[in-house]
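*Asks:* Just dropping this structure here.
The values are calculated or read from the model by the stated rules, or taken from the named source; none is laboratory data. Everything numeric here is computed off the predicted structure, so don't read it as measured data. As a convention, Cβ positions derive from the backbone with ideal geometry for all residues, glycine included, and neighbour counts pool all protein chains shown.
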């Protein structure tokens with residue numbers, strides 16, 4: 001069931017806005033596929049092995065979720081008194097563990113967000129152009145979405161290496177809008193994370209928040225123009 005903290009927009013208003021939009025910009029983790037728990041588990045393995053630190057879900061949300069992980073890694077480790085480390089090596093170890101966890105959990109704990117397949121089909125049939133703006137790596141996005149048979153709906157992925165300044169900076173979404181060639185008023189962003197929502201709103205985009213109960217309840221309603229539990233609410 002959709003909800004929002006901005007009384008200016010009703011679900012009916014937003015459905016009409018979706019219908020009339022030309023471009024759609026989607027985040028990846030937590031917006032298309034539920035990978036947050038897997039990301040926490042992968043980082044927890046890395047921090048335990050390399051620094052004997054117990055990394056929690058709360059720390060993931062505070063330092064890493066929705067942004068380029070390098071800055072978050074520096075902040076987290078410095079806060080724990082660790083200053084000598086290689087962010088690149090940590091990220092490499094993270095993706096090694098993440099790859100293993102994906103192979104273990106792909107058929108059990110990893111799934112698409114509710115209603116996304118129906119919504120992508122509806123949007124494609126309506127002639128809308130769709131791209132992805134993410135802090136993940138493009139090859140990872142392609143592999144996951146190809147597995148779920150929805151990669152073909154997106155014409156481009158702006159990943160962490162496509163921008164100088166990652167989320168919460170608005171560069172990724174601003175470049176996405178420029179790529180599409182539309183105005184911000186003709187586009188809609190879909191996000192779920194604290195930094196991602198700030199990034200999309202900072203680019204001047206109408207932003208629909210995807211509710212992930214237990215993960216973003218404490219901020220998604222404040223930072224989104226409308227919040228949905230299921231994409232079919234927008235059709």
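*Asks:* Against the definition (touching a helix residue (DSSP H, G or I) at 6+ places or on another chain (Cβ under 8 Å) and at pLDDT 95 or above), how does residue 177 come out, yes or no?
*Replies:* yes
*Asks:* Run residue 170 past the list (1) buried (at least 22 other Cβ atoms within 10 Å of the Cβ); (2) in contact with a helix residue (DSSP H, G or I) (Cβ under 9 Å, 6 or more places away or on another chain); (3) at pLDDT 95 or above and report the number of the one that doesn't hold.
*Replies:* So residue 170 meets the others, but not (1).
*Asks:* Against the definition (under 28 Å from residue 181 (Cβ atoms), without any contact (Cβ under 8 Å) to a residue 60 or more places away in the chain and out of contact with any helix residue (DSSP H, G or I) (no Cβ under 8 Å at 6 or more places or on another chain)), how does residue 96 come out, yes or no?
*Replies:* When the stated conditions are applied, residue 96 does not pass them.
*Asks:* Can you tell me which condition residue 118 does not meet? The list is (1) surrounded by fewer than 19 Cβ atoms within 10 Å (Cβ to Cβ); (2) in contact (Cβ under 8 Å) with a residue 12 or more places away in the chain; (3) not in a helix (DSSP H, G or I), and all the others hold.
*Replies:* Against the list (1) surrounded by fewer than 19 Cβ atoms within 10 Å (Cβ to Cβ); (2) in contact (Cβ under 8 Å) with a residue 12 or more places away in the chain; (3) not in a helix (DSSP H, G or I), residue 118 comes up short only on (3).
*Asks:* Here is a follow-up. Where in segment 141-223 are there helices (runs of 4 or more DSSP H), lying wholly inside it, with at least 1 residues that are closer than 16 Å to residue 130 by Cβ and under 15 Å from the mean Cα position of the chain (by Cα)?
*Replies:* 171-180, 194-202
*Asks:* Looking only at segment 23-32, decide whether some residue is more than 16 Å from residue 135 (Cα to Cα) and in contact with a strand residue (DSSP E or B) (Cβ under 9 Å, 6 or more places away or on another chain).
*Replies:* Yes, segment 23-32 contains at least one residue that is more than 16 Å from residue 135 (Cα to Cα) and in contact with a strand residue (DSSP E or B) (Cβ under 9 Å, 6 or more places away or on another chain).
*Asks:* Could you please let me know if residue 16 is without any contact (Cβ under 8 Å) to a residue 12 or more places away in the chain and closer than 20 Å to residue 123 by Cβ?
*Replies:* Yes.
*Asks:* Kindly evaluate residue 79 against the criterion of being outside the structural domain of residue 178 (by TED's automatic domain parsing) and within 20 Å of residue 205 (Cα to Cα).
*Replies:* Working: outside the structural domain of residue 178 (by TED's automatic domain parsing): yes; within 20 Å of residue 205 (Cα to Cα): no.
Against the criterion (outside the structural domain of residue 178 (by TED's automatic domain parsing) and within 20 Å of residue 205 (Cα to Cα)), residue 79 does not qualify.
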